[in-house]
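Below you'll find the structure, written out as structure tokens, and then a few comments.
What follows draws every value from the coordinates through simple rules; no lab data is involved. Just so it is clear, the model here is predicted, and its values are computed rather than measured. Because the Cβ atoms are built from the backbone with ideal geometry, glycine has one as well, and the counts that use them run over all protein chains shown.
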Amino acid sequence: MLYLCAMQILDGKQAAHVIKSELKIEVAQLAAEGKKIPHLAAILVGTNGASETYVAAKVKACEEVGFISTLIRFEQDVHTGKLLDKIQELNTDPDVDGILVQLPLPKHISDEEIINSIDPDKDVDGFHPVNVGKMVQGLPTFIPATPHGIMLLLEHYKIDTKGKHAVVIGRSNIVGRPLSILLGSNTNPGNCTVTTCHSQTKNIKDFCLQADIIVAAIGKPEFVTADMVKEGTVIVDVGITRDVDPTKKSGYKLKGDVAFDTVAPKCSWITPVPGGVGPMTIAALLKNTYKSCLQKN
Ligand code: GUN
């Protein structure tokens, strides 16, 4: 029997606005009580266009909610030692609550060496192995911003995840792997049965057709097509690829990992691109920075 459901939008812009409004009130309260205001320090290396955009959005969001932010820029050819010195300085600066180093870093720098040098108590990206370990064990910690944002979005829209089959496409340390852990955790949202698909998975379509929830995080524009999705699926699209489009003022169009126009009519819920996961990632980063500040207040 053909079942046509009414599709609804998981509006990340709206949910992020609610979270940011709450944070703004809480920060104003801290200020009124003469307490410390959250301070995020962001490090950007080089001039990668997408990274520039993301970091600018993070700094702007800090301003919106009343946080202090510091943007520290380095040339593309910076030596690892110089970055490590700056991180050490930020680690010991009592005013700084959160440190983020925007990834990817240039090839001559080891992401691992840089991430490991950040004080886990200021690692608001949740990438330090100590924080990843705590997350896996279900202990309180900083959850990486994108998976944290996705969980907050599912929570905001009260999506029923318990006992559902979630297929996560992608196994990156930034999104797919931590999200697979979170969706499978004994939490709400959570309690899913999780399948993590990746570049070596055979027959991804077969897994997707069994999914109640699909999270696409592989960075391949319009990878998930309508024939891969059963009626009523919840879809979260993490993809955000810049596609050249001379008709746009910016010179590009943003494309998700899901072919939205043809997939959306089959879904119960779906995130748009842009305006879905992106704003939630920033809201989650702000929440982590606020949490870090409270731990010091
Ligand atoms: N690059 C892509 N996503 C992220 C993120 O969440 N944090 C950092 N630091 N870099 C990224």
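Values computed for the structure shown
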| read-out | value |
| --- | --- |
| Subset of segment 215-234 that is in contact with a Phe, Trp or Tyr (Cβ under 7 Å, 6 or more places away or on another chain) and buried (at least 21 other Cβ atoms within 10 Å of the Cβ) - its residue that is nearest to residue 201 (Cα to Cα) | 216 |
| Search result, residues across segment 125-140 that are over 18 Å from residue 99 (Cα atoms) and either over 17 Å from the mean Cα position of the chain (by Cα) or away from the ligand (no atom under 16 Å from the Cβ) (or both) | 133, 134, 136, 137, 138, 139, 140 |
| Verdict on residue 36 being among the charged types (D, E, K, R) and loosely packed, with under 14 Cβ neighbours inside 10 Å | no |
| Pairs with Cβ under 7 Å, 6+ apart, first in segment 274-285 and more than 10 Å from the ligand (Cβ to nearest atom), second among the β-branched types (Val, Ile, Thr) and not in a loop (DSSP other than H, G, I, E, B) | 277/146; 277/150; 277/236; 280/150; 283/19 |
| Segment 169-183, residues that are within 14 Å of the ligand (Cβ to nearest atom) and either in contact with a strand residue (DSSP E or B) (Cβ under 6 Å, 6 or more places away or on another chain) or within 17 Å of residue 211 (Cβ to Cβ) (or both) | 170, 175, 176, 179 |
| Identity of the residue in segment 169-194, closer than 18 Å to residue 280 by Cα and of a type in the set (Val, Ile, Thr), that ends up surrounded by the fewest Cβ atoms within 10 Å (Cβ to Cβ) | 174 |
| Residue among 154, 100 that is buried (at least 16 other Cβ atoms within 10 Å of the Cβ), within 23 Å of residue 280 (Cβ to Cβ) and more than 11 Å from the ligand (Cβ to nearest atom) | 154 |
| Only one of 160, 121 that is over 30 Å from residue 8 (Cβ atoms) and among the charged types (D, E, K, R) | 121 |
| Members of segment 58-85 found to be more than 23 Å from residue 23 (Cβ to Cβ), away from the ligand (no atom under 15 Å from the Cβ) and not polar (S, T, N, Q), listed by number | 75, 77, 78, 79, 81, 82, 84, 85 |
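Residue-by-condition table, conditions (1) among the hydroxyl-bearing types (Ser, Thr, Tyr); (2) more than 29 Å from residue 56 (Cβ to Cβ); (3) within 17 Å of the chain's Cα centre (by Cα):
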| site | (1), (2), (3) |
| --- | --- |
| 206 | no, yes, no |
| 214 | no, yes, yes |
| 218 | no, no, yes |
| 255 | no, no, yes |
| 260 | no, no, no |
| 263 | no, yes, no |
